[in-house]
Amino acid sequence: MFHKSEFITSAVKVDQWPQLGYPEICMSGRSNVGKSSFINALLNRKNLAHVGKTPGKTRLLNFFAIDDQFMLVDVPGYGYASLSGEKLEMFGEMMEEYFNHRENLKAMIQLVDLRHVPTRDDVEMVQYAKDHKIRLVIIATKADKVGKSQRHKHLKAIAEKLDVDMKNIFVFSSLTKEGLEKIQERLMYIYTG
């Protein structure tokens, strides 16, 4: 569905943010939830976003221009235990600055692992988006690892923990591409609306 995508820049500070004027959809999730795999599947590219074997590789805001229409912004994964307190504080400041001062920000994709109940960090990110009136798209990744008969139970647990309606959670697998079309349609609706 998306035809053209390109990496624009990585940034830490406000003066490094691209000034293309596109609406932006940022993507949040804990380390190792499958953000890079999601980006590559969403944009039908093999290596646009680097998929690493070590969680916590994304340390910057990474901006991707999509179809010259909107920007997808990959933010650092959270919850990775080996990061020092100083680095965590720096990431927190970078995220706070982006969320509070980026006028182009239209929505946030929150990725959670379908297999697990959302973490405290997941809950805080979703609450942060709600508090700041940022539209939320919740995507439960790694769907291929959960049997169809178990999905309702897992989705219900996620919905309850995040305090969202279960029907607003998209199930996704980067392996089978399940849910991809519905997610693409939702994102198009957000950036054109």
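Name the shape class, rounded, prolate or oblate, that the alpha-carbon gyration tensor gives for the chain, where a ≥ b ≥ c are the square roots of its eigenvalues, rounded holds for a/c under 1.5, and otherwise prolate holds if a/b is larger than b/c and oblate otherwise. Rounded, because the longest to shortest axis ratio a/c is under 1.5. The alpha carbon centroids of segment 115-193 and segment 1-15 are separated by 23 Å. Considering only Cα-Cα distances, which of the following residue pairs are longer than 29 Å: Lys46/Lys145; Lys4/Lys156; Lys106/Lys182? Going by Cα-Cα distance, Lys4/Lys156 fall outside the 29 Å limit.
Sorting 12-22, 120-130 by average packing, meaning the other beta carbons within 10 Å per residue, from highest down gives 120-130, 12-22. Normalised by the number of residues in the chain, the average gap of Cα pairs under 8 Å and 6 or more apart makes the relative contact order 23 percent. An oblate overall shape is assigned to segment 111-188, the ratio a/c of its alpha-carbon gyration tensor axes (a ≥ b ≥ c) being 1.5 or greater and a/b not exceeding b/c. Ordered by solvent-accessible area of protein heavy atoms (1.4 Å probe), largest first, the residues Arg30, Arg45, Arg102 come out as Arg45, Arg30, Arg102.
The values are calculated or read from the model by the stated rules, or taken from the named source; none is laboratory data. The shown structure was predicted, so the numbers you read here are calculated from the model rather than taken from an experiment. Quick reminder, even Gly has a Cβ in these numbers, built from the backbone with ideal geometry, and neighbours come from all protein chains shown. Ligands, DNA and RNA are stripped out before the accessible areas are found, and what is left, the full protein with its side chains, is counted by its heavy atoms. Shrake-Rupley method; radii C 1.70, N 1.55, O 1.52, S 1.80 Å.
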